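Trainee: Mind having a look at this structure? Questions to follow.
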Amino acid sequence: MSHTPHQTVSPRTAAKHDNGGRPAPPRRARPAAPRSRTLGPVPDLERHLPGEWWKSLFNAVYLKTDGDVVEDLRITALEVDALLHATGGKEDDAILDLCCGQGRHCLELARRGFRHVTGIDRSRYLVRLARRRAQQAGLSVVFREGDARRFRVPEGSFDAVTILGNSFGYFEREEDDRAVVESVKRALRSEGILVLDLTDGEWMAEHFERRSWEWIDQNHFVCRERSLAEDRQRLVSREVVVHAEKGVITDQFYAERLYSRGQITALLQEVGFRDIVYHDALVPDSDRGQDLGMMARRNFLTARAPRRIVPGRPGLGATRKITIILGDPRLPDSVKLGGVFNPEDMETISRLKEALAGLTGYTFTYLDNHPGLLGALLAKRPEFVLNLCDEGFRNDAFMEPHVPALLEMLGIPYSGAGPASLALCYNKSWVSAIAQSMGIDVPLEAYFDPDDQSATIPSVFPALLKPAYGDSSVGITQQAVVHDSEALMAYLARLREELPGRPVLVQEFLTGPEYSVGVIGNTGLGSDVLPILGVDYSGLEEGLPHILGYESKWVPGSSYWTKIRYFEADPSENLRRLLTDAALQLFDRLECRDYARFDFRLDEFGTAKLLEVNPNPGWCWDGKFNMMAGFAGLTYTELLQRVLEAALLRVSTRSSPAVVAAAAPAAVLTV
């Protein structure tokens, strides 16, 4: 239990300084952009269809070819009319428009007074355009990039999720469409509403235009070809867009799955939606009056998400019985100052118990006697364990994975990372190697094996020495930052004496801003990213290196303990996205669960680099994780509840029973 939670912020690869500070070579003239070419006649459209065509198709050209519908404010207003009529939406409702494109429906809702509208889309171009339009119009809408199959929003946070404008059925595999619906269900509150607007597959299979061409403005015309895929489940389309003077602009292929009413109803029911109602079909009245393609006739339906009991809440009068495993205050602990539990540690435990006592619907039992732990677990098998034993079994940090391993052998569900994840993240060099393979920057480093009698001394100073594996900043003091080879060898000798048999990393010392990113939740079940935490070293005396070392966590009264400050960081949008993306990617790859923290720091050129990953971060009341929760408006009690409920959801809620849905008679609505 560290008194300052390990920092964790993850940046995906930040902008790289490509010349190491040296003058850049003279720029060469940029070669002319290659002219787009057409494939000419092709006998089989499906053979030329890219598997992930949707990654590149939604750009400025799309806004031209489909502009007669997707850029028509009158059509958008009529579609929002249909949406509100079908749902009875109110201005206070939280609405998520998934696959929002350039935000046309979001902006129309905001114009009508809706205050909690979020748009998510895969296309960076369209999301940026949506943000600009919202800013220009003075409208408050949140726009984010995200994949519809696994978008990141707090679970149960929306009253309604909409997928409008025929934005469903793009993926090559039907399982991916199901993943979209599963993600929508997780995002919806209990009995929330899904609004789905998609091509009428049965009608389209019989009425699609095999070939057409039209002028889309004064300079551009588009030629289209269409054919059914071999399995007749998708309609494959080709568009050749031509500029009257410049020639071919693009020759592109795309496809959409043709869902019948029966098929989409069955899919929604299998995922757990009910009360499925088909409203008037949408038939857009385009000003161009020409080829509408997949937008020509669409089914417009609503479905209700299943009622859910929030995990961890008492159900039918029951109370959840939670067992909490902690470190053993009776045993020595080499990490802590003086090698024993201190008054600060006992206060931390007291505050934990006080905070958990504020949760209703739970009773808590505490286990901290490690020699008797196995017997206690066998004597009375816990219903669920909140594993807060970050000291490790018998207060040995090397044995932190042993506690969850024991619980797994006994078949007892628990919170936090599993033994494999804990063991992996304990070794900083392994984490760095994995991060590098993912395109996430890490500090330059040299690895000193404990048996090495000599090694190549890094040429980059200042450098930071740290144990290759360890926790709670053990082995990292103010002397760990060295400025020459003599100081490096001296501190290396000290580490070998104090931590015999442990390899050492010699890393470039990063001098830029330092950040931590906290994640609560689980992959596939919804994750929340807490506000990013920054570290303020400005209060330290001159000459003290700017690090969060051992003194900052375990030595009360030291300058590092008293003068370092933490604050809610406000990085640029690009850096925020980079840190958040990297944290979530690492969370998945390293198999973190329920909560984790990721620490990053920028180098002198502004490149964000991963410091370390904390799969079971410090849970103490005065630690970083609780500070980040405070930035989000959460109390210590609420933070603990969120972690507990994320774990309970993971172990208990993987699927919902299918429910019966009803369909209303079909009609046609011209918009």
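The values are calculated or read from the model by the stated rules, or taken from the named source; none is laboratory data. Note that the structure is predicted; figures quoted are calculated from it, not measured. Methodologically, a virtual Cβ is constructed for each residue, glycine included, from the backbone with ideal geometry; neighbour enumeration extends over all protein chains shown. With ligands, DNA and RNA removed, areas are computed over all heavy atoms of the protein, side chains included. Shrake-Rupley method; radii C 1.70, N 1.55, O 1.52, S 1.80 Å.
Trainee: Tally time: how many residues in the range 52-61 are within 13 Å of Leu129 (Cα to Cα) and part of a helix (DSSP H, G or I)?
Mentor: Residues flagged as within 13 Å of Leu129 (Cα to Cα) and part of a helix (DSSP H, G or I) within the range 52-61 amount to 1.
Trainee: Is it the case, given these coordinates, that Thr607 is more than 22 Å from Ile324 (Cα to Cα) and among the hydroxyl-bearing types (Ser, Thr, Tyr)?
Mentor: It is true that Thr607 is more than 22 Å from Ile324 (Cα to Cα) and among the hydroxyl-bearing types (Ser, Thr, Tyr).
Trainee: If I filter the range 52-103 down to residues being among the aromatic types (Phe, Trp, Tyr) and out of contact with any Leu (no Cβ under 7 Å at 6 or more places or on another chain), which single residue comes out as nearest to Pro284 (Cα to Cα)?
Mentor: That would be Tyr62.
Trainee: Shifting gears a bit: In the range 588-609, what count of residues is obtained for those that are touching a Phe, Trp or Tyr at 6+ places or on another chain (Cβ under 7 Å), farther than 29 Å from Leu352 by Cβ and of a type in the set (A, V, I, L, M, F, W, C)?
Mentor: Of the residues in the range 588-609, 1 are touching a Phe, Trp or Tyr at 6+ places or on another chain (Cβ under 7 Å), farther than 29 Å from Leu352 by Cβ and of a type in the set (A, V, I, L, M, F, W, C).
Trainee: Which one of the conditions (1) at pLDDT below 90; (2) out of contact with any strand residue (DSSP E or B) (no Cβ under 8 Å at 6 or more places or on another chain); (3) part of a loop (DSSP other than H, G, I, E, B); (4) crowded, with 16+ Cβ neighbours inside 10 Å does Ala661 fail to meet, given that it meets all the rest?
Mentor: Tallying (1) at pLDDT below 90; (2) out of contact with any strand residue (DSSP E or B) (no Cβ under 8 Å at 6 or more places or on another chain); (3) part of a loop (DSSP other than H, G, I, E, B); (4) crowded, with 16+ Cβ neighbours inside 10 Å, Ala661 fails exactly one: (2).
Trainee: Pairs please, first residue from the range 157-178 and without any contact (Cβ under 8 Å) to a residue 60 or more places away in the chain, second anywhere and surrounded by 16 or more Cβ atoms within 10 Å (Cβ to Cβ) and part of a loop (DSSP other than H, G, I, E, B), Cβ atoms under 7 Å, 6+ apart in sequence or on different chains.
Mentor: Listed by first residue and then by second, the contacts come to Asp176/Arg149.
Trainee: OK, next. Glu612 - would you say it is within 28 Å of Gly338 (Cα to Cα), assigned to a helix (DSSP H, G or I) and open to solvent by 20 Å² or more (accessible area, probe 1.4 Å)? Spell out the reasoning first.
Mentor: On the way: within 28 Å of Gly338 (Cα to Cα): yes; assigned to a helix (DSSP H, G or I): no; open to solvent by 20 Å² or more (accessible area, probe 1.4 Å): yes.
No: the conditions fail for Glu612.
Trainee: With Gly375, Gly411, Gly439 as the choices, which residue is free of Cβ contacts under 8 Å to residues at least 60 places away in the same chain, open to solvent by 10 Å² or more (accessible area, probe 1.4 Å) and not in a helix (DSSP H, G or I)?
Mentor: On inspection, the qualifying residue turns out to be Gly411.
Listed here are the residues, each with its yes/no results for (1) of a type outside the set (A, V, I, L, M, F, W, C); (2) at pLDDT 95 or above; (3) farther than 20 Å from Phe587 by Cα.
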position: Gly416; (1), (2), (3): yes, yes, no
position: Ser421; (1), (2), (3): yes, yes, no
position: Gly439; (1), (2), (3): yes, no, no
position: Ala455; (1), (2), (3): no, no, yes
position: Val460; (1), (2), (3): no, no, yes
position: Gly475; (1), (2), (3): yes, no, yes
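Trainee: Something else about it: How about the range 344-372: which of its residues are assigned to a loop (DSSP other than H, G, I, E, B) and within 23 Å of Gly418 (Cβ to Cβ)?
Mentor: Asp368 - this is the single residue of the range 344-372 that is assigned to a loop (DSSP other than H, G, I, E, B) and within 23 Å of Gly418 (Cβ to Cβ).
Trainee: Which of the residues belonging to the range 116-142 are without any contact (Cβ under 8 Å) to a residue 12 or more places away in the chain and assigned to a loop (DSSP other than H, G, I, E, B)?
Mentor: Passing the criteria: only Gly138.
Conditions (1) polar (S, T, N, Q); (2) surrounded by fewer than 18 Cβ atoms within 10 Å (Cβ to Cβ); (3) more than 26 Å from Ala646 (Cβ to Cβ); (4) over 15 Å from the mean Cα position of the chain (by Cα), marked per residue:
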position	(1), (2), (3), (4)
Phe509	no, no, yes, yes
Gly521	no, no, no, no
Glu541	no, yes, yes, yes
Leu579	no, no, no, no
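Trainee: Would you list the strands (runs of 3 or more DSSP E) that sit entirely within the range 492-605 and hold 1 or more residues that are aliphatic (A, V, I, L, M) and modelled with pLDDT of 80 or more?
Mentor: The strands (runs of 3 or more DSSP E) meeting that bar are 504-508, 514-522, 526-529, 533-536, 594-602.
One line per residue, one yes/no per condition, for (1) in contact with a His (Cβ under 9 Å, 6 or more places away or on another chain); (2) crowded, with 18+ Cβ neighbours inside 10 Å; (3) over 19 Å from Pro41 (Cβ atoms); (4) of a type outside the set (S, T, N, Q):
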| position | (1), (2), (3), (4) |
| --- | --- |
| Ala205 | no, no, yes, yes |
| Ser212 | no, no, no, no |
| Asp231 | no, no, yes, yes |
| Gly293 | no, yes, yes, yes |
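Trainee: I need the full set of residues from the range 523-539 which are touching a Ser or Thr at 6+ places or on another chain (Cβ under 7 Å) and open to solvent by 20 Å² or more (accessible area, probe 1.4 Å), in order please.
Mentor: Hit for the range 523-539 is Val529, nothing else.
Trainee: For the range 380-408, which positions are touching a strand residue (DSSP E or B) at 6+ places or on another chain (Cβ under 9 Å), in a loop (DSSP other than H, G, I, E, B) and either surrounded by fewer than 18 Cβ atoms within 10 Å (Cβ to Cβ) or among the aliphatic types (A, V, I, L, M) (or both)?
Mentor: Within the range 380-408, Lys380, Glu383, Leu388 qualify.
Trainee: If you scan the range 142-152, which residues turn out to be farther than 13 Å from Cys100 by Cβ and touching a Leu at 6+ places or on another chain (Cβ under 7 Å)?
Mentor: Scanning the range 142-152 gives a single hit, Arg152.
Trainee: Give me a count of the residues in the range 261-284 that are basic (Lys, Arg) and either assigned to a helix (DSSP H, G or I) or surrounded by fewer than 17 Cβ atoms within 10 Å (Cβ to Cβ) (or both).
Mentor: 1
Trainee: Residues of the range 152-175 being over 21 Å from the mean Cα position of the chain (by Cα), on the phi > 0 side of the Ramachandran plot and open to solvent by 10 Å² or more (accessible area, probe 1.4 Å), which ones?
Mentor: Passing the criteria: only Gly165.
Trainee: While we're looking at this one, here's another question. Conditions: (1) open to solvent by less than 30 Å² (accessible area, probe 1.4 Å); (2) farther than 30 Å from Leu377 by Cβ; (3) at pLDDT 80 or above; (4) touching a helix residue (DSSP H, G or I) at 6+ places or on another chain (Cβ under 8 Å). Glu445 meets all but one. Number of the miss?
Mentor: Glu445 satisfies every listed condition except (1).
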